[in-house]
Amino acid sequence: MVKDLVYLIPAGKYGKEEIASLLTNHPEIKFASLVGIDLAGNDTDEKIPIELFIKDMDDFYNGTAVQTDGSSVVLTGIAVLNNAKVDMLADASVNWFVDYNFEHIDEETGKPVGTLRIPAYLVHNGLRVDSRSILAQSLEYSKGELLDLFKKNAKIAGLEHINGADVEDIIFTSATELEFWVKTPANKADVEDLSASQVMQEQYWQRTRGNVRTAMEQALMMLKNYGLEPEMGHKEVGGIKAQIDETGHLNHVMEQLEIDWKFSNALQCADNELQARILVKEAFRANGLEVTFKAKPIIGVAGSGEHTHVGFAAKLKSGKIVNLFSPTDMKQYFLSAIGYGAIMGLLKHYEVINPFISATNDSLNRLKPGFEAPVCIVTSLGHNPATPSRNRTILAGLVRDVNSPMATRFEVRSPNPYTNTYTALTAFYMSMLDGIKAAVNSGKTVEELDAELSKDAGKEGFYLETDRAYRSEHDVFDDYSAEERDRLFSKPPATVWENMQNLKKYPEKVKTLTAGNAFRQELIEAFAAGALVRWKAELLNRIIPENLSIVKDAKALHEADSASDLDLTNWDKINTIRVYLAKDCMLQKSLFTRIKEAIQTGDYDAVSEMQIEMSAKVGELEMLYREYKKNMIHIC
């Protein structure tokens, strides 16, 4: 680490003149970059000479200094070719980070060249259209609604220790847990080796070694420099033991890791996560290691989640901060009315939240039974308030400590590292707001709200849907059949198309997200349109070509004079699948060709159905070919 570097400019600490002076006194900071977040969660990164930023600072603050071509980022249907100009407006309400290039040393100062990354809003035709704006403006609306709720309700069930008139401000607290895979470049590991290691629990919480350990330690130290307050770094369930080469260095690294840092307010949380991913990638790259944040980089092995923690707090006129989810009596009750309303709102609206969580083929590959990834819209609170639940099979779990009321929060387990945290948090908080208002305005007691959340499917509730159950203290995967899960907790979407269609299927639930007009309908439609463009492009240009390679690599290995009857039977099954997937005939086109043609004609229902079939067939092919190869021996 280089001493005397400026890693961040804290929100609200400096005025414009002080910032200019700070930058002038640190000439190693050569550039400024306005960081806007498009609807897919991509961040912009340009290099503006720092002298220009200092000279035109007022223009950066009012959004007239920098413009971008909005048609080149994911603002689908909003910034089009004949109306693409997007202004970039600096956001002074959050921390600004300085991104250093440790491979480029400034000759004058002997320090790495830095770029001041300034979070920004994207403005098109006078309206904000970016992910940061959606979250920021939704939080402002939610805050106003909650403050009004407290004004009208001096006492709320479970919050007897709070007088509504004393609530001065609402704080939205959030945190994410970042999981990722790391490997040596060009290294591949056998899926069976990885699966066996996972089942045998050989990796979780094991000691890191060599360059993985060094990179992990450097990443944690850098997070601290940037004020993210790291809490833990450790190995996750996936991976295999590395090997030592002839020089004594580790190679064939293939490990899954996790890094956590302290919570913050919701907007800062999303900005922090973006910075954390940059720091992690750079730390591991500097040690000769590749990082992937894909949700399911290896099919058949544990994927990477990004569990997202969500909470509400209130600042009282006395200055005291109180957790609004925690009941007055932590030993008697799980939650306050605010807490019960929040989880009910989240679960009731999850069909229209999920599109903002799982918007890619990769994300849905992770959400399959058997890998501790949530597939059901269900929560767990615990068997009693004194025994916190750690049910890892549910969508959103209650995290609480009887002796620490400030720790109460919900952990949503479905997001992954490439989930757009800005829009995900928006969807969480807006749906929770709807449930909170319903719970408080119902006038029901904490016991009655607990009964509502815990009701059986088929029982009518005042807020939750009659034909559904929403709470389970059981193992959702082992204690229910697939049919029971789908009936009780809703059938999960299998493709991006199915997921995005829910935004049309449930218009009343979408209205909850658009309340306050921050997450406007046009932005929701633009998000879905962008996701579907990427879905189709990936199917055509990546998934089908990758699957075709799998088909072609499945070659006959047996010899006619030494093949057993099992070899011949297995190869016949394998070749039948190969032909079905990839070989066109005069009378029958292959599945790959039929998918391509359905995309071209716009028959996306058929594309979705055939994608599910293709995934199953390719999985069957790979399994059969592995068994076939195992039976190959050389006959002398």
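The values are calculated or read from the model by the stated rules, or taken from the named source; none is laboratory data. Quantities reported herein were computed from a predicted structural model and do not represent experimental measurements. Using ideal geometry, Cβ is built from the backbone for each residue, glycine included, and neighbour counts are taken over all protein chains shown.
Among the listed residues 503, 433, identify the single one that is in contact with a Ser or Thr (Cβ under 9 Å, 6 or more places away or on another chain), aliphatic (A, V, I, L, M) and assigned to a helix (DSSP H, G or I).
Values: 503 fails: in contact with a Ser or Thr (Cβ under 9 Å, 6 or more places away or on another chain).
Being in contact with a Ser or Thr (Cβ under 9 Å, 6 or more places away or on another chain), aliphatic (A, V, I, L, M) and assigned to a helix (DSSP H, G or I) holds for just one of 503, 433, which is 433.
Among (1) over 17 Å from residue 345 (Cα atoms); (2) assigned by TED's automatic domain parsing to the domain that holds residue 343; (3) of a type outside the set (Gly, Ala, Ser), there is one condition residue 453 misses while meeting the rest; what is its number?
(1)
Could you please let me know if residue 105 is among the β-branched types (Val, Ile, Thr) and either farther than 30 Å from residue 284 by Cα or touching a residue at least 24 places away in the same chain (Cβ under 8 Å) (or both)? Steps first, please.
Working: among the β-branched types (Val, Ile, Thr): yes; either farther than 30 Å from residue 284 by Cα or touching a residue at least 24 places away in the same chain (Cβ under 8 Å) (or both): no.
No.
Tell me, yes or no, whether the range 144-151 has at least one residue that is under 20 Å from residue 42 (Cα atoms) and surrounded by fewer than 18 Cβ atoms within 10 Å (Cβ to Cβ).
Looking for residues that are under 20 Å from residue 42 (Cα atoms) and surrounded by fewer than 18 Cβ atoms within 10 Å (Cβ to Cβ), one finds none in the range 144-151, hence no.
If only one of 288, 303 is modelled with pLDDT under 95, farther than 16 Å from residue 395 by Cβ and part of a loop (DSSP other than H, G, I, E, B), which one is it?
Working: 303 fails: farther than 16 Å from residue 395 by Cβ.
Just one listed residue meets the conditions, 288.
Identify, please: which residue in the range 320-353 is in contact with a Lys or Arg (Cβ under 6 Å, 6 or more places away or on another chain) and aliphatic (A, V, I, L, M) and is, among those, nearest to residue 149 (Cα to Cα)?
My answer is 321.
Could you tell me whether any residue of the range 402-414 is touching a Leu at 6+ places or on another chain (Cβ under 8 Å), within 30 Å of residue 181 (Cβ to Cβ), buried (at least 24 other Cβ atoms within 10 Å of the Cβ) and small (Gly, Ala, Ser)?
The answer is yes, given that some residue of the range 402-414 is touching a Leu at 6+ places or on another chain (Cβ under 8 Å), within 30 Å of residue 181 (Cβ to Cβ), buried (at least 24 other Cβ atoms within 10 Å of the Cβ) and small (Gly, Ala, Ser).
What helices (runs of 4 or more DSSP H) completely inside the range 315-386 contain at least 2 residues that are within 21 Å of residue 265 (Cβ to Cβ) and of a type outside the set (Ser, Thr, Tyr)?
Correct list: 337-348, 350-357.
Say whether the condition of being at pLDDT 95 or above, surrounded by 17 or more Cβ atoms within 10 Å (Cβ to Cβ) and of a type in the set (S, T, N, Q) is met by at least one residue in the range 487-498.
Checking the range 487-498: at least one residue is at pLDDT 95 or above, surrounded by 17 or more Cβ atoms within 10 Å (Cβ to Cβ) and of a type in the set (S, T, N, Q).
Checking the condition outside any strand (DSSP E or B), more than 21 Å from residue 411 (Cβ to Cβ), under 15 Å from the mean Cα position of the chain (by Cα) and charged (D, E, K, R), which residue from 294, 281 passes? Full working, then the answer.
Numbers: 281 fails: under 15 Å from the mean Cα position of the chain (by Cα).
Unique residue meeting the criteria: 294.
Kindly establish whether residue 460 is touching a His at 6+ places or on another chain (Cβ under 7 Å) and surrounded by fewer than 24 Cβ atoms within 10 Å (Cβ to Cβ).
Against the criterion (touching a His at 6+ places or on another chain (Cβ under 7 Å) and surrounded by fewer than 24 Cβ atoms within 10 Å (Cβ to Cβ)), residue 460 does not qualify.
Being touching a residue at least 60 places away in the same chain (Cβ under 8 Å) and either surrounded by 18 or more Cβ atoms within 10 Å (Cβ to Cβ) or among the polar types (S, T, N, Q) (or both) is the filter here; which residues of the range 45-62 pass it?
50, 53 - these are the residues of the range 45-62 that are touching a residue at least 60 places away in the same chain (Cβ under 8 Å) and either surrounded by 18 or more Cβ atoms within 10 Å (Cβ to Cβ) or among the polar types (S, T, N, Q) (or both).
Given the criterion at pLDDT below 95, in contact with a Cys (Cβ under 8 Å, 6 or more places away or on another chain), in a loop (DSSP other than H, G, I, E, B) and at negative phi, identify the matching residue among 476, 402.
Result: 476 is the single residue among 476, 402 that is at pLDDT below 95, in contact with a Cys (Cβ under 8 Å, 6 or more places away or on another chain), in a loop (DSSP other than H, G, I, E, B) and at negative phi.
Sort through 508, 525 and tell me the only one that's within 30 Å of residue 436 (Cβ to Cβ), out of contact with any helix residue (DSSP H, G or I) (no Cβ under 9 Å at 6 or more places or on another chain) and assigned to a helix (DSSP H, G or I).
Step by step, each of 508, 525 is checked, and only 508 is within 30 Å of residue 436 (Cβ to Cβ), out of contact with any helix residue (DSSP H, G or I) (no Cβ under 9 Å at 6 or more places or on another chain) and assigned to a helix (DSSP H, G or I).
Residue check, residue 309 against (1) touching a helix residue (DSSP H, G or I) at 6+ places or on another chain (Cβ under 8 Å); (2) in a strand (DSSP E or B), all met but one. Which one?
It is condition (1) that residue 309 fails.
Suppose the filter is modelled with pLDDT of 95 or more and either under 21 Å from residue 423 (Cβ atoms) or surrounded by 13 or more Cβ atoms within 10 Å (Cβ to Cβ) (or both); does residue 34 pass it?
yes
Within the range 368-379, does at least one residue satisfy the condition of being in contact with a strand residue (DSSP E or B) (Cβ under 7 Å, 6 or more places away or on another chain) and in the same structural domain as residue 499 (by TED's automatic domain parsing)?
There is at least one residue in the range 368-379 that is in contact with a strand residue (DSSP E or B) (Cβ under 7 Å, 6 or more places away or on another chain) and in the same structural domain as residue 499 (by TED's automatic domain parsing).
Being of a type outside the set (S, T, N, Q) and either surrounded by fewer than 20 Cβ atoms within 10 Å (Cβ to Cβ) or not in a helix (DSSP H, G or I) (or both) is the filter here, so list the residues in the range 439-449 that pass it.
Selection gives 443, 444, 447, 448.
Can you name the residue in the range 78-96 that is within 19 Å of residue 65 (Cβ to Cβ) and part of a strand (DSSP E or B) and is also modelled with the highest pLDDT among such residues? So that I can check it myself, show each step before the final result.
So the first thing to find is which residues in the range 78-96 are within 19 Å of residue 65 (Cβ to Cβ), and the list is 79, 84-94, 96.
Now narrow it down to the ones that are part of a strand (DSSP E or B): 85-90, 96.
Details: 85: 92, 86: 94, 87: 93, 88: 95, 89: 95, 90: 95, 96: 98.
Looking at residues that are within 19 Å of residue 65 (Cβ to Cβ) and part of a strand (DSSP E or B), I get 96.
So how many residues does the range 446-502 have that are over 20 Å from residue 397 (Cβ atoms), touching a helix residue (DSSP H, G or I) at 6+ places or on another chain (Cβ under 9 Å) and hydroxyl-bearing (Ser, Thr, Tyr)?
Looking only at that region, the number is 2.
Search the range 511-538 for residues being under 20 Å from the mean Cα position of the chain (by Cα), of a type in the set (A, V, I, L, M) and surrounded by fewer than 20 Cβ atoms within 10 Å (Cβ to Cβ), and hand back the single one that is farthest from residue 426 (Cα to Cα).
533
Restricting the search to the range 48-63, which residues are under 32 Å from the mean Cα position of the chain (by Cα) and at pLDDT below 95?
Scanning the range 48-63 gives 60, 61, 62, 63.
With respect to residue 334, determine if the residue is at pLDDT 95 or above, more than 16 Å from the chain's Cα centre (by Cα) and either assigned by TED's automatic domain parsing to the domain that holds residue 439 or of a type in the set (Lys, Arg) (or both).
Taking the combined requirement at face value, the residue satisfies it.
Would you call residue 424 surrounded by 18 or more Cβ atoms within 10 Å (Cβ to Cβ), touching a residue at least 24 places away in the same chain (Cβ under 8 Å) and touching a strand residue (DSSP E or B) at 6+ places or on another chain (Cβ under 9 Å)?
So residue 424 passes the test.
Name the single residue that is farthest from residue 629 (Cα to Cα) among those in the range 553-597 being within 37 Å of the chain's Cα centre (by Cα) and outside any helix (DSSP H, G or I).
Checking each candidate, the answer is 590.
Which residues, counting only those in the range 342-385, are among the hydroxyl-bearing types (Ser, Thr, Tyr) and touching an Asp or Glu at 6+ places or on another chain (Cβ under 8 Å)?
Passing the criteria: 360, 380.
Among 215, 196, 189, which is in contact with a Phe, Trp or Tyr (Cβ under 7 Å, 6 or more places away or on another chain) and either at pLDDT 95 or above or more than 27 Å from residue 399 (Cα to Cα) (or both)? Break it down stepwise before answering.
Numbers: 196 fails: in contact with a Phe, Trp or Tyr (Cβ under 7 Å, 6 or more places away or on another chain); 189 fails: in contact with a Phe, Trp or Tyr (Cβ under 7 Å, 6 or more places away or on another chain).
The match here is 215.
Working only within the range 168-183, note down all residues that are over 23 Å from residue 95 (Cβ atoms) and either outside the structural domain of residue 446 (by TED's automatic domain parsing) or surrounded by fewer than 21 Cβ atoms within 10 Å (Cβ to Cβ) (or both).
168
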